[in-house]
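Have a look at the structure below, then the notes.
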Amino acid sequence: MDLMDYWQYTDIITKALFFALFALSVASWVTGILRLYYSRQLAKTVAADLAQQLQKQVPPSLQASAEERRLMTEQTLLQLIGRYRHRSEQGLPLLGTTAAIAPFIGLFGTVWGIFHALRSIGMSGQAGLAQVAGPVGEALIMTGLGLAVAIPAVIFYNIIARMNRRTLFLANDIAHGLLGASMRPAVATDKTNTNV
């Protein structure tokens with residue numbers, strides 16, 4: 001089967017579906033590779049960045065009661081973790097959507113191609129196996145293309161989602177440690193003030 005013959009045999013709908021799958025494939029590969037890079041960078045820097053941002057927003061020299069300090073620290077940490085979650089989830093909807101719809105686009109292309117092939121065969125009046133097998137086999141190419149687009153998108157989505165879950169677990173763990181550490185000086189200061 002020659003690809004050029006197949007391309008000439010297809011109509012505008014099949015060509016549009018092919019270009020849609022091609023665009024989804026390029027977008028999912030680019031998004032997947034970039035998200036892998038950014039997720040890996042976020043995992044490396046989350047601990048230092050969380051501590052640094054907390055120092056900026058709630059400095060240790062801040063004069064506040066233990067309860068106010070705890071509340072400010074908690075709110076700051078929750079806000080920072082929310083930002084990490086938002087940043088880590090960028091691009092995932094594209095990968096998930098591509099993984100979900102690409103097989104159906106390919107299947108629609110196959111059904112359309114089979115319909116187109118059978119209509120051509122019916123108009124020619126020849127219905128032998130040789131006349132049916134070629135066009136129907138060529139129509140099945142679209143199902144293969146849909147799967148070829150969806151499978152990498154699913155793999156990227158799952159790897160990135162797992163990396164992000166691990167990073168957010170680490171961020172939460174570090175946040176609890178930072179919250180506990182930020183309370184120690186304030187508690188010690190409050191005790192010394194009550195003893196005086």
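Only one residue in Thr143, Thr97, Thr73 is open to solvent by less than 90 Å² (accessible area, probe 1.4 Å), free of Cβ contacts under 8 Å to residues at least 12 places away in the same chain and part of a helix (DSSP H, G or I). Which one?
Among Thr143, Thr97, Thr73, only Thr97 is open to solvent by less than 90 Å² (accessible area, probe 1.4 Å), free of Cβ contacts under 8 Å to residues at least 12 places away in the same chain and part of a helix (DSSP H, G or I).
So which of Ala130, Ala117 ends up being small (Gly, Ala, Ser), modelled with pLDDT under 85, assigned to a helix (DSSP H, G or I) and exposed (fewer than 13 other Cβ atoms within 10 Å of the Cβ)? If you could, list the steps in order and put the result at the bottom.
Values: Ala117 fails: exposed (fewer than 13 other Cβ atoms within 10 Å of the Cβ).
From the options Ala130, Ala117, the qualifying one is Ala130.
Asn164 - would you say it is under 21 Å from Lys44 (Cβ atoms) and either free of Cβ contacts under 8 Å to residues at least 40 places away in the same chain or surrounded by 18 or more Cβ atoms within 10 Å (Cβ to Cβ) (or both)? It would help to see each step written out before you state the result.
Working: under 21 Å from Lys44 (Cβ atoms): yes; either free of Cβ contacts under 8 Å to residues at least 40 places away in the same chain or surrounded by 18 or more Cβ atoms within 10 Å (Cβ to Cβ) (or both): yes.
Yes; evaluated as a whole, the condition is true for this residue.
Which ones in region 146-161 are within 16 Å of Ile101 (Cβ to Cβ) and buried (at least 16 other Cβ atoms within 10 Å of the Cβ)? Show your work before the answer.
Here is the first cut: in region 146-161, the ones within 16 Å of Ile101 (Cβ to Cβ) are 146-154, 156-157.
Scanning region 146-161 gives Gly146, Val149, Ala150, Pro152, Ala153, Val154, Phe156, Tyr157.
Got a number for residues in region 12-55 being polar (S, T, N, Q), surrounded by fewer than 20 Cβ atoms within 10 Å (Cβ to Cβ) and closer than 19 Å to Ile141 by Cβ? Before you say what the answer is, go through the steps one by one.
Residues of region 12-55 that are polar (S, T, N, Q), as a first pass: 14, 25, 28, 31, 39, 41, 45, 52-53, 55.
So of that shortlist, the ones also surrounded by fewer than 20 Cβ atoms within 10 Å (Cβ to Cβ) come out as 25, 41, 45, 52-53, 55.
Now restrict to residues that are closer than 19 Å to Ile141 by Cβ: 25.
Residues in region 12-55 being polar (S, T, N, Q), surrounded by fewer than 20 Cβ atoms within 10 Å (Cβ to Cβ) and closer than 19 Å to Ile141 by Cβ: 1 in total.
The values are calculated or read from the model by the stated rules, or taken from the named source; none is laboratory data. Here the structure is a predicted model, which is why all the values come from computation and not from measurement. Neighbour counts are summed over all protein chains in view; Cβ atoms, including those assigned to glycine, are modelled from backbone coordinates with ideal geometry. Areas reflect the complete protein model, heavy atoms only, side chains present, ligands, DNA and RNA absent. Shrake-Rupley method; radii C 1.70, N 1.55, O 1.52, S 1.80 Å.
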